[in-house]
Amino acid sequence: IFFRTSSATMFGKKKEGGGLFDLKKPRHAGSGFVSGLKNMGGGIAGGIGLVAAAPVIGAKQQGAGGFVKGLGIGLIGGTVAIVGGVGTGVVQMGRGVINTPEAIKAEHEGKVWDPFNNDWVMYKLEEEAADVLNLSEQEFIKKYNEAQEEKQKKEGKSDPLLDAMKGAQEEIKKESGETPAEGPTDPKAYGVKETELYDVLGVKPDATANQIKKAYYKKAQVLHPDKNPDDPDANAKFQKVGEAYQILSDENLRANYDNYGRDGVDDAPKMDSSALYAMIFGSEKFFKYVGELQLATMMQKGEDEDIPEPLMAFKQTKREVQCAVDLAEKVQLFVEGKEDEFKEQVTEEAKDLANSPFGATLLHAIGYVYEEQTQVRLSLKDGGKMFKKYQVSGHKLAKQYEVMEVAMKAAKVAQEEKKTQKKEKEKEERKQRELRERQQREQEQLQKDQKKQREQHEAREREKGAQREREEAERREKEQSGKEKREKRD
């Protein structure tokens, strides 16, 4: 239904309603009540705003006379707005009450609400699966762009999303033509110690953070052990990819790796690659139940590369429809009356799923959704389907709060871990600096000692030379004295 709504809007059809007040057909008493309150609130707020603003504007333009005139216009306009808001609000509430029997009947007949046409329709999964699952992203973007360009010609209005969709189309074409880097990279060419981790992801050492994210997404999807059961080295390859991403996605670890190679990052804490993959993409075994998580979708793009809203909606719709198709196949045994066989099959599968990373948590979440949606569909308790939805919404908000709380705690732990790593890095750098200074002092002292030893050696050599000269002089003096004695005797 969401896809058909998007398609209808995409092809230039106008949705019912619009204007200051909501006049769309309410689905039932609940939606009529909400619509009525919105109209009343909007009318009252608009009326008060008009009464307050009109005199001020009049005074600025025409002075005291303008103030009085503006006050009169504000009172009249404000009264009309308030009466209109309250009146349409009451009408919407009444329409909702009147439409409630139709809503109950439609729900029991298995119909769903079409938000575009504001009517109940008989939904068929097979038809939507044929429409959605057989349409590629490129085809969807092409259809969207063609429809919006045609709409621009007719209405003369530009669509701000059109340029974004064209950019997405070019990006997909570019990525489909990309070829991974082959062979090891020369570290000297990029001024780094080594490039092994870059080669594992298939990127160059000057790759941006976004390019590293995309590379990990592609590699992890291809090398997951569950997709390569016949490859005995699949798990080792998968672990390498996860390790490479964890190091290169962290600015400090990447700098250490570039400067010191493996020695600079061996002591860094790392998550198991299977757990990392499950956290980002969801466990591969859960794929048919939850599809591709939105975080994984965002991993396909960089932080500064936004996915256009229509394309994101299309991706999400494909995910939901595929999950519905897979679930319909899963319950087929039960539908056929083979309850024992069905229970045995899903029990064994649940045991297997529970052993995967985050498996128990995901199982509890899926189990809750299935239970509550069953009650919604069958209207067995708590006032029927309409009111059960509000209970489920409340639970959803509570769970979202819990997730936010856990995320904040995780972020705090990560921040503290980062601070600890920074302190350890500073401590190590200080230690290395002190070591270099000590080595420098020792080297200087050694040079001084060597110089002193040379000077002492030279002094000793000079002393020896002088001693030899004295001994030579004494020898010559003795020879001369002996010669004179011999001459005198002769």
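The values are calculated or read from the model by the stated rules, or taken from the named source; none is laboratory data. Please read these numbers as outputs of a predicted model, since none were measured by experiment. Here the Cβ positions follow ideal geometry from the backbone for every residue, glycine too, while neighbour counts run over all protein chains shown. With ligands, DNA and RNA removed, areas are computed over all heavy atoms of the protein, side chains included. Shrake-Rupley method; radii C 1.70, N 1.55, O 1.52, S 1.80 Å.
In table form, for the structure just shown:
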{"read-out": "Members of the stretch 132-145 found to be under 17 Å from Ala328 (Cα atoms) and not in a loop (DSSP other than H, G, I, E, B), listed by number", "value": "Val132"}
{"read-out": "Lone unmet requirement of (1) over 30 Å from Ala268 (Cα atoms); (2) at pLDDT 85 or above for Arg438", "value": "(1)"}
{"read-out": "The stretch 189-229 - residue that is part of a loop (DSSP other than H, G, I, E, B) and polar (S, T, N, Q) and, of those, modelled with the highest pLDDT", "value": "Thr195"}
{"read-out": "Selection count, the stretch 200-234, where residues are open to solvent by 50 Å² or more (accessible area, probe 1.4 Å) and under 16 Å from Leu248 (Cβ atoms)", "value": "7"}
{"read-out": "Identity of the residue in the stretch 140-158, farther than 25 Å from Gln316 by Cα and among the polar types (S, T, N, Q), that ends up most open to solvent (accessible area, probe 1.4 Å)", "value": "Ser158"}
{"read-out": "Leading residue by the ranking (nearest to the chain's Cα centre (by Cα)) among those in the stretch 329-359 that are open to solvent by 50 Å² or more (accessible area, probe 1.4 Å) and closer than 26 Å to Ser274 by Cα", "value": "Phe358"}
{"read-out": "Residue pairs meeting the criteria (Cβ under 9 Å; at least 6 apart or on separate chains; first open to solvent by 50 Å² or more (accessible area, probe 1.4 Å), in the stretch 313-324; second among the basic types (Lys, Arg))", "value": "Gln322/Lys288"}
{"read-out": "Residue that is nearest to Thr317 (Cα to Cα), among those in the stretch 121-131 that are touching a residue at least 60 places away in the same chain (Cβ under 8 Å) and not in a helix (DSSP H, G or I)", "value": "Tyr123"}
